[in-house]
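Working notes, structure below.
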Amino acid sequence: MTKRKLKDHGRADVEPQPESAGPPGTPSQDELASAELFTAPVASPAAAEALPSGEAAPPPKELAAEFERLRAEAEEYLDGWQRARAEFANYKKRVEREQAESHALAAANVLVHFLSVLDDLQRALKDRPTQGEAAAWAEGIDLICRKLQALLEAEGVETIPAHGAPFDPTVHEAVTHEESDDHQEGQVIEVIQQGYRLGERVLRPALVRVAK
């Protein structure tokens, strides 16, 4: 009996050892569970903001509709900008043209006053003296006349062709209509007063005699 008690007492003192699921050195289930707490992936803040909790991504149809709306709006802005650019270019050209016309008109109003002075100088030189002190004076007047002509030409003033040319009422003014055996009907016989123009603008029409 004593031997049986000792035997049972010896069994009670020995604690049961946990059974291993694998060979020695293999981690247990508890160790694997603890390791997962440190190795589980953590969601980044950007991902959390990109897909907020409880919100779903917009459907593809809504994204396509929004894209089309933005594209149409961009095309509208581009079209408006192109129209504004074209209108500004036309406005700039119109202003430059008006300025050029204003300058030409102002120049014409000033230059036309010099034409009568040129007429007087040319009439004075028709019967110019050729001898004595008067001849020297005539040379000086001729020099002034040529300088005035050069000044007018530098400003763009041109003489209107008239002698022997067909009569043109836009640049000629008929003083008389006469019979002439040496000229055809409508041909200018003689220029009484020279005409001038500045570009396409007639400063003064030529006074002429016309054959009929």
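The values are calculated or read from the model by the stated rules, or taken from the named source; none is laboratory data. In this text the structure is predicted, and so the values were computed from the model without any measurement. So basically every Cβ, Gly included, is an ideal-geometry build from the backbone, and we count neighbours across all protein chains shown.
Observations, loosely collected:
- Flag for Ala108 being touching a residue at least 24 places away in the same chain (Cβ under 8 Å), in contact with a strand residue (DSSP E or B) (Cβ under 6 Å, 6 or more places away or on another chain), surrounded by 13 or more Cβ atoms within 10 Å (Cβ to Cβ) and not in a helix (DSSP H, G or I): no
- Flag for Lys147 being under 25 Å from Val110 (Cα atoms) and either among the charged types (D, E, K, R) or under 46 Å from the mean Cα position of the chain (by Cα) (or both): yes
Conditions (1) among the acidic types (Asp, Glu); (2) closer than 17 Å to Ile192 by Cβ; (3) modelled with pLDDT under 90, marked per residue:
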site	(1), (2), (3)
Glu98	yes, no, no
Ala108	no, no, yes
Asp119	yes, yes, no
Gly132	no, no, yes
Thr159	no, yes, no
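- His103 vs. criteria surrounded by fewer than 10 Cβ atoms within 10 Å (Cβ to Cβ), assigned to a helix (DSSP H, G or I) and of a type outside the set (Asp, Glu): no
- Any chance Ala150 is hydrophobic (A, V, I, L, M, F, W, C), under 18 Å from Val112 (Cα atoms) and modelled with pLDDT of 90 or more: yes
- Residue ID - modelled with the lowest pLDDT, chosen from residues in the range 181-200 that are within 14 Å of Thr159 (Cα to Cα) and small (Gly, Ala, Ser): Gly199
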